[in-house]
Amino acid sequence: MSLWRNISGNWRETSFITILLGIVWISLLRKIFDPDIWFHMVVGREVLRRMQVPDSEFYIYTRLGEPGEFHEWGFGAFYYLINQYSGHIGMAITNAAIGCGILLFLYLAARGPNKTEWWISLPVIGLVLWIVDLRLNFRPETWLYLFLAIEIFLLEKYLQHRLFLWLLPLPFLAWILSLGHPSALFLIGVFGIYALNAVLEETGSKLPLVVKFGGISLAMAAGAMLNPYGSKQLLLPLYFQGEELINSLTEDLPVLQTEYSLHFIVIAVVGLCALVFSPRRRLVDVILVGCFALLAFRYARNISLLGIVLFVPIKNAFDVWSGHISKIVKPGLVMMFAAFVGITGIILTGTGPLWGSGIYQKHTPFNNAILISKYVQTGNILNFFHLGNYLAWELDRPVFVDGRNFGNNLSVRLHDAVFRADSGWQNIIEQFDIKAIVSPVTLEFSGEIIPLVEKLEVDPEWILIGQEESGLLFLKIPTQEDIPRLSKSQIWEQALEELNVTMENYPDSPETYRSMSAAYRHLGNVAKQKYFLSKFNEKTNK
């Protein structure tokens with residue numbers, strides 16, 4: 001059976017899925033909001049310049065020349081080329097197309113041999129879209145999501161038709177994925193679970209099947225090692241179970257401790273009902289859902305993987321449920337409910353400030369980068385952790401630290417020492433010839449005022465020349481007299497803007513209220529200073 005026959009079906013179904021995915025594609029258009037995309041494109045740009053993957057750090061000036069590894073270089077080169085030829089609009093279109101591709105292949109995977117009504121997929125698409133959209137954020141793992149959906153499609157068709165040809169693309173998928181994201185091990189694991197299901201269902205001799213599946217597994221592993229990092233690229237997920245990394249990333253917290261908790265509960269409950277109350281229970285569904293539910297429960301970033309592996313069992317269950325419900329309730333009402341769930345999922349993804357294309361400037365020092373390129377021709381830039389991603393990309397010059405650095409490496413230790421204003425922080429400024437500093441005023445999660453900013457406010461050697469949502473730009477007093485300066489009172493205006501967001505997102509943090517009190521003290525508002533100090537005391541006493 002050809003892929004086209006699987007896609008086309010009847011004209012009504014084809015029209016439905018085409019229109020639906022067109023709407024989904026529009027709803028998935030996103031501004032570039034995740035700062036990590038910038039350092040990925042920095043790496044991709046360098047790979048294409050050299051026509052090889054660098055083997056040392058080349059844009060973090062506190063670590064220049066140290067051994068470096070860039071395991072997601074292919075993803076960076078991919079988006080670098082898209083940006084070069086179609087700009088930010090092309091990047092938004094591509095990210096949305098990846099989301100549509102995930103849903104398309106899952107939809108095709110869930111199409112069984114028995115004909116069902118065209119609208120039955122609507123609630124499943126809406127639900128899984130609501131989950132997958134959480135992590136559809138211009139990151140390399142989006143390649144894993146897409147290739148996992150393609151793999152599930154191929155494996156479901158193999159189980160239906162028992163044609164070995166459906167398995168032949170799998171090594172190619174593992175190879176392509178390994179160039180952009182070190183997660184081919186997931187594809188091999190999922191294949192192994194489907195292979196186990198197929199072997200147990202085999203009524204004849206199982207040995208030939210085991211040999212074939214073993215050959216495919218080895219081919220997938222070999223494909224995943226066809227890259228500059230060899231077997232390490234395949235096994236990297238096993239290296240990244242250390243506490244240093246997990247403690248450095250909030251997205252690797254247990255899901256119930258994050259903003260994804262509601263999503264996890266909803267998809268887990270629906271998935272559990274699909275497994276328990278559907279007569280189409282399969283071993284492959286139970287193992288896959290169990291494994292990925294545990295991964296998502298332990299590490300929040302895996303929630304989209306759980307949504308992807310749940311698509312087929314939920315769709316199978318809904319096929320049965322809709323038939324039973326239609327005998328009790330009018331079929332038109334069942335169809336309206338399905339449409340409501342599906343449309344709600346699409347609406348939830350297509351609303352909010354991130355929709356559209358271009359740069360989402362809340363986490364991007366867009367205007368400060370322009371000022372740096374204009375006024376800072378010599379010397380280095382000291383940047384707060386996540387702001388280095390965009391600065392390295394836009395300015396095409398080395399930065400102090402960026403989001404690739406975590407844990408206890410040199411750049412992070414120096415970054416923390418300076419921004420804490422530890423004893424001797426001025427020596428680090430002099431050592432690295434720093435002429436510009438880009439930083440927010442407060443810490444995003446705790447609301448604490450960054451000590452370095454307090455030092456810069458009273459230091460006459462530093463002037464304030466830039467202010468935007470992502471942070472402030474300070475310059476060491478330059479020789480040029482024509483540089484427009486801002487009043488340093490704007491430091492505390494910026495602090496209030498940041499703290500209002502922190503208070504809304506993390507209302508239980510007492511430091512936010514103390515920082516609000518300090519900001520109003522600097523601005524001369526005694527009444528509000530006392531009010532927020534009392535709120536801080538209340539929070540502390542509790």
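Every listed requirement among (1) more than 27 Å from MET41 (Cα to Cα); (2) under 24 Å from the mean Cα position of the chain (by Cα) is met by ASN383 save one, (1).
Within segment 434-449, being in contact with a strand residue (DSSP E or B) (Cβ under 6 Å, 6 or more places away or on another chain) and either of a type outside the set (Lys, Arg) or not assigned by TED's automatic domain parsing to the domain that holds LEU391 (or both) holds for ILE434, ALA436, ILE437, VAL438, SER439, PRO440, THR442, ILE449. Out of segment 338-361, which residues are in a helix (DSSP H, G or I) and either touching a strand residue (DSSP E or B) at 6+ places or on another chain (Cβ under 9 Å) or within 18 Å of ILE60 (Cβ to Cβ) (or both)? Selection gives THR349, GLN361.
Could you tell me how many of the residues in segment 504-538 are under 33 Å from the mean Cα position of the chain (by Cα), surrounded by fewer than 19 Cβ atoms within 10 Å (Cβ to Cβ) and assigned to a helix (DSSP H, G or I)? Qualifying residue count, segment 504-538: 3.
Would it be correct to say that PRO451 is surrounded by fewer than 20 Cβ atoms within 10 Å (Cβ to Cβ) and farther than 17 Å from PHE384 by Cβ?
When the stated conditions are applied, PRO451 does not pass them.
Of all residues in segment 366-383, those that are modelled with pLDDT under 95 and in contact with a Ser or Thr (Cβ under 8 Å, 6 or more places away or on another chain) total 1.
Residues in segment 46-75 that are in a helix (DSSP H, G or I) and either in contact (Cβ under 8 Å) with a residue 40 or more places away in the chain or assigned by TED's automatic domain parsing to the domain that holds LEU395 (or both): TRP73, GLY74, PHE75. Being part of a helix (DSSP H, G or I), in contact (Cβ under 8 Å) with a residue 60 or more places away in the chain and of a type in the set (A, V, I, L, M, F, W, C) is a condition met by no residue of segment 162-173. Summed over segment 1-50, residues that are modelled with pLDDT of 95 or more and either small (Gly, Ala, Ser) or more than 27 Å from the chain's Cα centre (by Cα) (or both) total 2. Kindly provide the set of residues from segment 145-166 that are more than 17 Å from GLU202 (Cα to Cα) and not β-branched (Val, Ile, Thr), ordered by number. Within segment 145-166, TYR145, LEU146, PHE147, LEU148, ALA149, GLU151, PHE153, LEU154, LEU165, TRP166 meet the criteria.
Are any of the residues in segment 175-193 of a type in the set (Phe, Trp, Tyr), at pLDDT below 95 and in a helix (DSSP H, G or I)? The answer is no; no qualifying residue exists.
Considering segment 151-177 alone, what residues qualify as being closer than 14 Å to ALA110 by Cβ and basic (Lys, Arg)? Selection gives LYS157 alone. Could you check how many residues of segment 274-316 are in contact with an Asp or Glu (Cβ under 7 Å, 6 or more places away or on another chain), closer than 21 Å to PHE191 by Cβ and either touching a residue at least 60 places away in the same chain (Cβ under 8 Å) or outside the structural domain of VAL128 (by TED's automatic domain parsing) (or both)? Residues in segment 274-316 being in contact with an Asp or Glu (Cβ under 7 Å, 6 or more places away or on another chain), closer than 21 Å to PHE191 by Cβ and either touching a residue at least 60 places away in the same chain (Cβ under 8 Å) or outside the structural domain of VAL128 (by TED's automatic domain parsing) (or both): 1 in total.
Considering (1) under 30 Å from LYS476 (Cα atoms); (2) without any contact (Cβ under 8 Å) to a residue 24 or more places away in the chain; (3) not in a loop (DSSP other than H, G, I, E, B), the lone condition that GLN377 does not fulfil carries the number (3).
Conditions tested, residue by residue: (1) buried (at least 18 other Cβ atoms within 10 Å of the Cβ); (2) assigned to a helix (DSSP H, G or I).
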residue: SER373; (1), (2): no, yes
residue: LEU382; (1), (2): yes, no
residue: LEU387; (1), (2): yes, yes
residue: LEU391; (1), (2): yes, yes
residue: VAL401; (1), (2): yes, no
residue: ASN405; (1), (2): yes, no
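A residue that is in contact with a His (Cβ under 9 Å, 6 or more places away or on another chain) and either more than 23 Å from LYS374 (Cβ to Cβ) or not in a helix (DSSP H, G or I) (or both) cannot be found anywhere in segment 423-441. Scan segment 341-364 and tell me whether some residue there is aromatic (Phe, Trp, Tyr) and over 30 Å from VAL289 (Cα atoms). Scanning segment 341-364, I find at least one residue that is aromatic (Phe, Trp, Tyr) and over 30 Å from VAL289 (Cα atoms), so the answer is yes. For segment 254-311, the set of residues classified as within 17 Å of LEU148 (Cβ to Cβ) and among the aromatic types (Phe, Trp, Tyr) consists of PHE292, TYR299, PHE311, listed by residue number.
The values are calculated or read from the model by the stated rules, or taken from the named source; none is laboratory data. Values in this document were obtained by computation on a predicted structure and should not be read as measured data. Virtual Cβ from ideal backbone geometry, glycine too; neighbours counted across all protein chains shown.
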